[in-house]
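Values quoted throughout were computed directly from the atomic coordinates according to the rules given, and no laboratory measurement underlies them. Quick caveat: nothing in here was measured; it's all calculated off a predicted structure. When we count neighbours, we look across all protein chains shown, and the Cβ atoms used for this are built from the backbone with ideal geometry, even at glycine.
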Amino acid sequence: MVEPILNKPASEWTAVDIEALLTAPPETHAAICRRADELTRKRHGDRVTYVVNRNINFSNTCSIRCHFCAFHATHKPEQFRLSVADVVAKANETPFVSELCIQGGIDEAIELGFYEDLVRALKQWKPTIHIHAFSPQEIISLAAREELGVGEILARLRTAGLDSIPGTASEILEDDIRKLVSPRRLTAGDWQYVVETAHTLGIRSSATMMYGHVETPLHRAKHMVKIRRLQEKTRGFTEFVPMPFMADNTALERANLVRPGQRVSFADVERTLAVSRLYFDDVIPNIQTSWVKTNIAFAAGTLRTGANDLGGTLYEENITRLAGGSAGEYTSPEEFQNAAARVGLTAVERDTLYRIKN
Ligand code: SF4
């Protein structure tokens with residue numbers, strides 16, 4: 001069942017083919033992972049990458065209230081909103097990072113001017129910093145609040161100094177699932193529109209998939225096909241990041257839509273990364289494993305099942321930690337290097353656009 005699919009070019013795979021690989025019986029697991037590792041080694045050799053970056057969340061006030069999110073705060077005492085000076089002060093605690101990843105909740109009180117001032121102030125603080133900021137949800141909500149087009153919002157942020165956007169808020173790009181996990185979220189079509197507009201303007205993005213909640217393997221497969229089709233059109237995605245869902249403290253858990261403390265199994269994480277490599281290798285060469293969602297030792301193992309990138313050092317990670325993640329808020333470059341060495345690979349530092357740092 002698996003071989004005929006693996007022997008076809010990935011560009012010809014249908015969602016049903018991808019579903020078949022995701023759900024193929026356990027006795028095929030090792031062979032699928034091995035094929036993914038062979039492809040990864042062919043493309044990247046024994047080199048894997050990480051980025052020295054820092055996360056900063058500037059607000060946890062959010063009108064969207066996704067059912068999978070344990071980060072947003074509904075009540076005033078737990079809500080926070082950082083000023084531009086606060087964010088610059090946080091950035092200044094880690095002046096050596098090459099990338100700042102900045103996201104906030106959908107805080108209706110924050111205007112476009114704040115986003116522009118924030119980006120400008122950070123560029124003034126360190127002109128070489130790469131600003132990877134504002135999810136497609138933040139962009140589209142800002143466009144609605146300001147009564148401006150998505151293209152205009154992105155162009156103004158780019159003029160202020162925005163370099164790339166995180167491809168978060170995609171979850172699963174199927175509206176039946178989006179209605180269940182986050183009814184107020186932007187639609188699948190809107191997500192694709194924001195990302196395509198960004199790519200057209202020369203603003204690159206990551207592509208993500210949050211899986212292991214209420215979706216089926218076919219939903220995941222359809223999501224992956226949409227990402228591939230968009231990449232064939234724009235070539236704007238820098239990497240694909242499958243992110244396993246964590247249930248703790250989420251509305252999905254409280255509503256019994258997922259099991260208490262539900263986690264994606266390690267085998268499923270490995271299989272999803274392996275199938276991602278097999279499907280995306282020729283169009284998205286970088287497949288990122290998420291140490292935040294699992295742990296660094298397991299993440300290093302997945303560098304042998306299709307992943308070639310360990311993501312970022314982060315320094316401050318709030319979103320997964322609040323959903324029950326215990327991998328910590330920071331992984332040092334030395335830990336990345338040691339973890340990769342344990343699986344026979346060499347980890348080197350890259351920038352956001354996957355250029356190797358000397
Ligand atoms: S995931 Fe983002 S948009 Fe959704 S509730 Fe959390 S902060 Fe808000």
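Structure notes:
- Put the Cα centre of the stretch 150-218 next to the Cα centre of the stretch 41-111 and the gap is 16 Å.
- Descending semi-axes in whole angstrom, ellipsoid equivalent of the stretch 197-282, from the Cα gyration tensor: 27, 15, 10
- Rough spin-label spacing in nm, given labels placed 7 Å along Cα→Cβ, for Arg65 and Glu334: 4.6 nm
- Placing unit charges on the Cβ atoms of the charged side chains and taking the dipole of the chain about its Cα centre, the candidate lying farthest along the positive direction among Phe336, His223, His130 is Phe336.
- Residues whose amide H falls under 5 Å from that of Thr49, counting only those 5 or more places apart or on a different chain, are Asp309, Leu310, Val348, with hydrogens built in the peptide plane.
- Among Cys66, Gly202, Phe280 - extreme Cα towards positive end, dipole of the chain, charges at beta-carbon: Phe280
- For the stretch 99-244: relative contact order, % (alpha-carbon pairs under 8 angstrom, 6 or more apart): 23 percent
- Within the stretch 190-342, the proportion of C-alpha pairs whose separation exceeds 26 Å stands at 29%.
- Percentage, to the nearest whole number, of Cα pairs in the stretch 1-132 over 26 Å apart: 53 percent
- Extension gain, Ala73 back to Tyr193 (0.36 nm per residue minus Cα-Cα distance, nm): 40.4 nm
- Counting charges near Glu196 (Lys, Arg +1; Asp, Glu -1) among other residues having Cβ under 14 Å from its Cβ returns a value of +4.
- Annotation: amide H of Met210 within the under-5 Å range of Glu171, Ile172, Met243, sequence separation 5 or more or interchain, hydrogens built in the peptide plane.
- Around the Cα centre of the chain, unit charges on the Cβ atoms of Lys, Arg, Asp and Glu (plus for the first two, minus for the last two) sum to a dipole of about 380 debye.
- Size of charge dipole - the stretch 166-216 - debye, nearest 20, with Cβ of Lys, Arg +1 and Asp, Glu -1, no other charges: 200 debye
- For a label point 7 Å along the Cα-to-beta-carbon line of Arg81, residues of the stretch 103-120 with backbone N under 13 Å: 105-115
- Considering only Ile296, Gly306, Ser265, and ranking their Cα positions along the charge dipole of the stretch 238-358 that arises from unit charges at the beta-carbon of Lys, Arg, Asp and Glu, the one farthest toward the positive end is Ser265.
- Extension reserve of the Ala297-Lys8 stretch, reckoned as 0.36 nm per residue once the Cα distance is removed: 100.7 nm
- Over all orientations, the chain has a Cα convex hull whose mean projected area works out to 16.5 square nanometres.
- Members of Lys42/Lys222; Lys179/Lys222; Lys123/Lys293; Lys90/Lys126; Lys90/Lys357; Lys76/Lys293 lying beyond 22 Å, as alpha-carbon distances in this model show: Lys42/Lys222; Lys123/Lys293; Lys90/Lys357; Lys76/Lys293
- Backbone geometry of the stretch 225-235 corresponds, through the Karplus equation with coefficients 6.51, -1.76 and 1.60 at θ = phi - 60°, to 3J(HN,Hα) couplings of 5, 4, 5, 5, 4, 5, 5, 4, 7, 10, 6 Hz, x marking Gly and Pro.
- Glu253 sits among other residues whose Cβ lies under 15 Å from its own Cβ, and their net charge, with Lys and Arg +1 and Asp and Glu -1, is +3.
- What you get for the stretch 33-115, charging only the Cβ of Lys and Arg (+1) and of Asp and Glu (-1), is a dipole of about 520 debye around the Cα centre.
- Charge context of Phe114, other residues only, Cβ under 13 angstrom, K/R +1, D/E -1: -4
- Estimated purely from DSSP H runs of n ≥ 4, each contributing -39500 (n - 2.57), the mean residue ellipticity at 222 nm for the chain is -12500 deg cm²/dmol once divided by its residues.
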